[in-house]
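Everything on this sheet refers to the single structure shown next.
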Amino acid sequence: MAEQSLKEQLNDAVKNAMREKDKTRLVTLRMAQAAVKQIEIDERRDLDDEDVLKVLDKMLKQRRDAASQYDDAGREELGDKERAEMVIIEEFMPAALSEDDLDALIRMAISSTDAQGMQDMGRVMNDLRPQVLGRVDMGHLSKKVRAALTG
């Protein structure tokens, strides 16, 4: 049997959350499903796993930013809610890259794009993006690429 697509995994997880009456999980997964469905309707196409990963990655970034803002405003309970949603979404993401693996990918991308300095950062990031999607925070990646290109 072929491996399930991410959309199928999301659908199964929603069904399980309904059976288990896990409200937080159910709400979070339904938000993810709705985000995927909205893009499919807007663009009139079925999303593949890479597209679904992009949607989930964007949701993670939104929650990370919101949690940080809630914490800064002294609203820890809302920040905790965002972090709980992040944990649920992260279950569908590929395994995170180690710092060593990330450094190796950055070196290879700089070499393959023949990057000479900061003016080539866009090319390096575009080369890396498909390889690291959902496996690393893009802000963190951007800082590391910038340091590699200037250092």
- Please go through the range 73-118 and pick out each residue that is small (Gly, Ala, Ser) and outside any loop (DSSP other than H, G, I, E, B). Gly79, Ala84, Ala104, Ala109, Ser111, Ser112
- Message: For the condition at positive phi and surrounded by fewer than 18 Cβ atoms within 10 Å (Cβ to Cβ), what is the one hit in Asp114, Asp137, Asp100?
- Response: Asp114
- Message: Residues to consider are Glu85, Glu90; find the one that is within 22 Å of Arg135 (Cα to Cα), among the acidic types (Asp, Glu) and modelled with pLDDT under 95.
- Response: Glu90
- Item | Residue tally, condition farther than 20 Å from Asp51 by Cβ and free of Cβ contacts under 8 Å to residues at least 24 places away in the same chain, over the range 110-138 | 8
- Residue selected from the range 50-87 under the condition of a type in the set (Gly, Ala, Ser) and surrounded by 13 or more Cβ atoms within 10 Å (Cβ to Cβ), by the criterion nearest to Glu8 (Cα to Cα): Ala84
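A quick yes/no check of all residues on (1) exposed (fewer than 12 other Cβ atoms within 10 Å of the Cβ); (2) not acidic (Asp, Glu):
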{"position": "Ser5", "(1), (2)": "no, yes"}
{"position": "Arg19", "(1), (2)": "yes, yes"}
{"position": "Asp22", "(1), (2)": "no, no"}
{"position": "Ala35", "(1), (2)": "no, yes"}
- Out of the range 51-69, which residues are out of contact with any Lys or Arg (no Cβ under 8 Å at 6 or more places or on another chain), of a type outside the set (D, E, K, R) and over 20 Å from Ser5 (Cα atoms)? Gln62, Ala66, Ser68, Gln69
- Inspect all residues belonging to the range 32-43 and state whether any of them is in contact with a Pro (Cβ under 9 Å, 6 or more places away or on another chain) and in a helix (DSSP H, G or I). no
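The values are calculated or read from the model by the stated rules, or taken from the named source; none is laboratory data. Quick caveat: nothing in here was measured; it's all calculated off a predicted structure. Positions of Cβ are generated from backbone atoms using ideal geometry, with glycine treated the same way; all protein chains shown enter the neighbour counts.
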